[in-house]
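Here the structure comes first, spelled out in structure tokens, and everything after it is commentary.
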Amino acid sequence: MPYRIFFRRIRRTQRVRRKPSGRKEYLLHRESARVLVMERLTHFVAEYTKLDPILGQSMKYNRVSIRNQRGRWGSCSSKKNLNFNYRILTLSPELRDYIIVHELCHLKELHHGESFWKLVERVIPNGQALNVQARRMKLG
Ligand SMILES: [Zn+2]
């Protein structure tokens, strides 16, 4: 391989490696994200319990993790573990709450069917509009 091409390749690799991974940022904000998420989860479980105590009972989660994941704001596993992106801190309170309620509702409805959206919209009436907004927000 000609020397100059080889040299350019090396430099490109180094440039990629030097790019900040975002890990420092993540570690810096993880705990404040956790405090916020836990506070809002408690608040919304109470809201659903007020509407229907049995429904509130069914919204029991196991572990809550704050992650540095690309491409998603949150997720819910079949083992009832909730995951949230620490960048939720950068969203408006309205969008943050929507994402938290979205994952909370997956504890009851693990799909995006009509019954899922009905459940979300009992507490966040413009849930589907906020879903469109959240998808447009850049992650990472
Ligand atoms: Zn979902």
Need pairs with beta-carbon distance below 7 Å; first residue farther than 12 Å from Gly127 by Cβ and free of Cβ contacts under 8 Å to residues at least 24 places away in the same chain and within the stretch 93-112, second within 11 Å of the ligand (Cβ to nearest atom) and not charged (D, E, K, R); sequence gap 6+ or separate chains.
Glu109/Phe116
The stretch 40-62: number of residues that are in a loop (DSSP other than H, G, I, E, B) and without any contact (Cβ under 8 Å) to a residue 24 or more places away in the chain:
2
Counted residues in the stretch 49-100 being within 14 Å of the ligand (Cβ to nearest atom) and among the hydroxyl-bearing types (Ser, Thr, Tyr) come to 4
Looking for something of a type in the set (Lys, Arg), modelled with pLDDT under 95 and closer than 21 Å to Leu119 by Cβ - is there at least one such residue anywhere in the stretch 79-86?
no
Among the residues of the stretch 21-39, count how many are surrounded by 13 or more Cβ atoms within 10 Å (Cβ to Cβ) and in a helix (DSSP H, G or I).
9
If Leu36 passes every condition in (1) out of contact with any Leu (no Cβ under 8 Å at 6 or more places or on another chain); (2) in contact (Cβ under 8 Å) with a residue 40 or more places away in the chain but one, which one does it miss?
(1)
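The values are calculated or read from the model by the stated rules, or taken from the named source; none is laboratory data. The structure displayed is predicted, hence computed values, not measured ones. For neighbour counting, all protein chains shown are included, and Cβ atoms are generated from backbone atoms with ideal geometry for every residue, glycine included.
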